[in-house]
Amino acid sequence: MKRGDRLLFYHSNAKPPGIIGLAIVEEEWYPDPTALDKKCEYYDEKSTKDNNRWAAMKARYDSTLPRLVSLDEIRVEPELSELALIKRSRLSVVPVSTMEYHHILGMAGDGSTPIVAKNMFKKGHKHDD
């Protein structure tokens, strides 16, 4: 992910889990310092300063979608059958194609017509495959 990329925010602990908002990458990935902090709940004894097995990134809130698009809805959409969220659900960050991105935004609207979320395509911020 690069600075300025747009993200779909997936809320995994919601009931039901689903995509609820949009965010923008503020800072590209960097080694996650919590993996090396013995006092932190995310400490990983196999990570070292030279071989940190975890990465972090910073994003900022952009907007909330008109409604949550649930994981169950995503699973039954033929156009989203290849979505990495479904195929590799244990990953924290998964790639999303331009078609998948717009399809999910459409599902968050009235269910049939794609929507353009607030600030979706500011100058200098484009979403590519």
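The values are calculated or read from the model by the stated rules, or taken from the named source; none is laboratory data. Since this is a predicted model, take the numbers as computed values, not measurements. No Cβ is skipped: glycine too gets one built from the backbone with ideal geometry, and neighbour counts run over all protein chains shown. We work out accessible area using only protein heavy atoms, side chains counted, and drop any ligands, DNA or RNA first. Shrake-Rupley method; radii C 1.70, N 1.55, O 1.52, S 1.80 Å.
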Taking 41 Å as R0, compute the FRET efficiency from the Cβ-Cβ separation of K38 and S97 and round it to 0.05. 0.55
Using the structure shown, select from K39/K87; K2/K49; K15/K49; K15/K38 the pairs with a Cα to Cα distance greater than 30 angstrom. K39/K87; K15/K49; K15/K38
By its C-alpha gyration tensor, with a ≥ b ≥ c as the square roots of the eigenvalues, how is the stretch 1-96 shaped: rounded for a/c under 1.5, else prolate for a/b larger than b/c, else oblate? prolate
How much accessible surface does T64 have with a 1.4 Å probe, in Å² rounded to 10? 80
Find out how many positive minus negative residues lie around K38, taking Lys and Arg as positive, Asp and Glu as negative, among other residues whose Cβ is under 12 Å from that of K38. -3
Would you list, by chain and number, the aspartates and glutamates whose Cα falls below 16 Å from the Cα of K46, excluding same-chain residues fewer than 8 positions away? D32, D37
To check my understanding: the extent here is largest minus smallest coordinate of the Cα atoms along each principal axis. What are those three numbers for the stretch 19-74, in Å, largest first? 42, 26, 19
Please list, in order along the stretch 47-59, the HN-Hα scalar couplings obtained from phi with the Karplus expression 6.51 cos²θ - 1.76 cosθ + 1.60 (θ = phi - 60°), rounded to whole Hz, x for Gly and Pro. 7, 10, 4, 8, 9, 7, 7, 10, 10, 10, 8, 10, 10
